[in-house]
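Novice: Questions regarding the structure given below will be posed in turn.
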Amino acid sequence: MKLKDIGEFGFIERIRPDCIIRPEHIVKAIGDDAAVFKTESDRCMLLTTDMLVERVHFIRKATSPFNLGRKSMAVNLSDIAAMGGNASDAFVNIAVPDTVDLDFLEEVYRGIKHSAAEFAINILGGDTTGSRKDLVINVAVIGYVAADEVLLRSGAKIGDVLFSTGYLGNSRAGLHLLQNASEGDGFEELVQAHCLPRPHLNEGRFLATQPQVHAAIDVSDGLSSDLGHIIRESAAGARIYADRLPISDQLKTFCSRFGYDPIQYALAGGEDYTLLCTVDPRHAEAIAADFRQQFGRPLFELGEITDSGRIEWVDAAGGIHPIEPTGWNHFKA
Ligand code: ADP
Ligand code: MG
């Protein structure tokens, strides 16, 4: 049997038992965007790590090394954001094949340091090793959050309203444009969403300070996949409405020009790094209004948490369709 037979998440479930030997200080281990552990103070520490692998996550020749460095930080900071935390320190591991020039690596580090300076993060260390063929960049980030503010995937309650802090599907369209270089003009927002995702750290802090925000995750694999983690960890279900999906004007234009379905992009496109959150319905409207006041952008309402144990989407005519948990694997665009 190979990893692909059970998938990344099937594998994680298999190794999840027996990982915790000393539970005393652990609030959350495997199964969330970051691990959460108690400290001596009333703050919890957060630790997350994410890896970018050449030919899996990026094409070296088609990527600016500066942006690659920034993105390797951003994907980790996004996981701290999803916990409601403040990011504080980072470690950087790189595996470097002979075919990578020093100039390229220095540009990667300029990008990493640019991102670190932007979000006030120390780089405390890492590891450097050779690689046979592919460049690998692994970053780990430490953050902190007050113990009573931690946002978990497992907190969603039936009846909660589901929100996203930004547009969905832009990044996947940006990747398509990069792979088909001739089509890119006029779609800078989409390309930018893919190359330079912005971690929603401030949005995560805002959500964490609202006691009525019950759960959160960042959208790394795609709405259907990441919402799947929330409903699994919360033992719930979810319903999303196609006509409420936050689809940008550029994504609409892109899809109509090239004949794609924007709903599929929003449901299944990954790497948007917005935050999905679930909110007590009695406070949803007020929190969305506060969010708009603070950030000058909407908190997009997409649907609600249900007891169905699965994700369903509702089309414009009211038809209800189940989404397979592996929906993003079947992404056909
Ligand atoms: P994210 O997309 O937010 O980075 P992942 O889906 O990568 O989260 O990981 C889900 C959970 O599984 C996390 O708690 C992560 O730490 C854990 N995890 C992933 N890979 C491994 C591994 N090889 N060994 C142990 N835990 C893992
Ligand atoms: Mg995540």
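The values are calculated or read from the model by the stated rules, or taken from the named source; none is laboratory data. Here the structure is a predicted model, which is why all the values come from computation and not from measurement. Cβ placement follows ideal geometry from the backbone for every residue including glycine, while neighbour counts extend to all protein chains displayed. Just the protein is used for accessible areas: all its heavy atoms, side chains included, with ligands, DNA and RNA removed. Shrake-Rupley method; radii C 1.70, N 1.55, O 1.52, S 1.80 Å.
Novice: Quick check: Cα centre of the stretch 137-165 to Cα centre of the stretch 1-17, how many Å?
Specialist: First find each Cα centre; the distance between them is then 24 Å.
Novice: Highest GNM mean-square fluctuation, the chain, Cα pairs closer than 10 Å: which of ILE30, ILE137, ILE230?
Specialist: Top of the fluctuation ranking is ILE30.
Novice: Which of the peptides 270-280, 61-71 is most tightly packed, and how do the rest follow, going by the mean number of other Cβ atoms within 10 Å of each residue?
Specialist: Highest mean packing first, the order is 270-280, 61-71.
Novice: Shifting gears a bit: Sum -39500 (n - 2.57) across every DSSP H segment of at least 4 residues in the chain, then divide by the residue count to get the 222 nm mean residue ellipticity, nearest 500.
Specialist: Details: 10 runs with 115 residues, N = 333.
For the chain, the value works out to -10500 deg cm²/dmol.
Novice: Now for a separate question. For the chain, with a Gaussian network of springs between Cα atoms less than 10 Å apart, report the residue from ASN170, ASN180, ASN202 with the top mean-square fluctuation.
Specialist: Highest fluctuation of the listed residues: ASN180.
Novice: Just how much of PHE119 is accessible, in Å², when a 1.4 Å probe is used and the result is rounded to the nearest 10?
Specialist: In the full protein context, PHE119 sits at about 50 Å².
Novice: Cross-link list LYS28/LYS157; LYS2/LYS71; LYS38/LYS157; LYS2/LYS252; LYS61/LYS113; LYS71/LYS252: which exceed 27 angstrom alpha carbon to alpha carbon?
Specialist: Numbers: LYS28/LYS157 18 Å; LYS2/LYS71 29 Å; LYS38/LYS157 25 Å; LYS2/LYS252 38 Å; LYS61/LYS113 22 Å; LYS71/LYS252 25 Å.
Beyond 27 Å between Cα atoms: LYS2/LYS71; LYS2/LYS252.
Novice: So how far, in whole Å, is the C-alpha centre of the stretch 40-91 from the one of the stretch 239-276?
Specialist: If you average the Cα positions of each part, the centres end up 24 Å apart.
Novice: With a 1.4 Å probe and every protein chain left in place, work out the accessible area per residue of the stretch 1-51 in Å², rounded to a whole number.
Specialist: For the stretch 1-51, the solvent-accessible area averages 74 Å² per residue.
Novice: Right, something else. Give the peptides 248-256, 159-167, 16-24 in descending order of average Cβ contacts within 10 Å, highest first.
Specialist: By packing density, highest mean first, the sequence is 159-167, 248-256, 16-24.
Novice: Which FRET efficiency value, to the nearest 0.05, is calculated for SER64 and ASN122 with the Förster distance at 30 angstrom and r the Cβ-Cβ distance?
Specialist: With R0 = 30 Å, the Cβ-Cβ based efficiency is 0.75.
Novice: If you don't mind, another one. Please work out whether the stretch 26-106 counts as rounded, prolate or oblate from its C-alpha gyration tensor, where a ≥ b ≥ c are the square roots of the eigenvalues and a/c under 1.5 means rounded, while otherwise a/b larger than b/c means prolate and anything else oblate?
Specialist: Since a/c reaches 1.5 and a/b is larger than b/c, the shape of the stretch 26-106 is classed as prolate.
Novice: Ok, one more. With springs only between Cα atoms under 10 Å, which of ASP221, ASP185, ASP79 fluctuates most in a Gaussian network model of the chain?
Specialist: Maximum among the listed residues: ASP185.
Novice: Please report the carbon-and-sulfur percent of the accessible area for the stretch 18-82; probe 1.4 Å, protein heavy atoms only, DNA, RNA and ligands left out.
Specialist: Here carbon and sulfur together make up 57 percent of the probe-accessible area.
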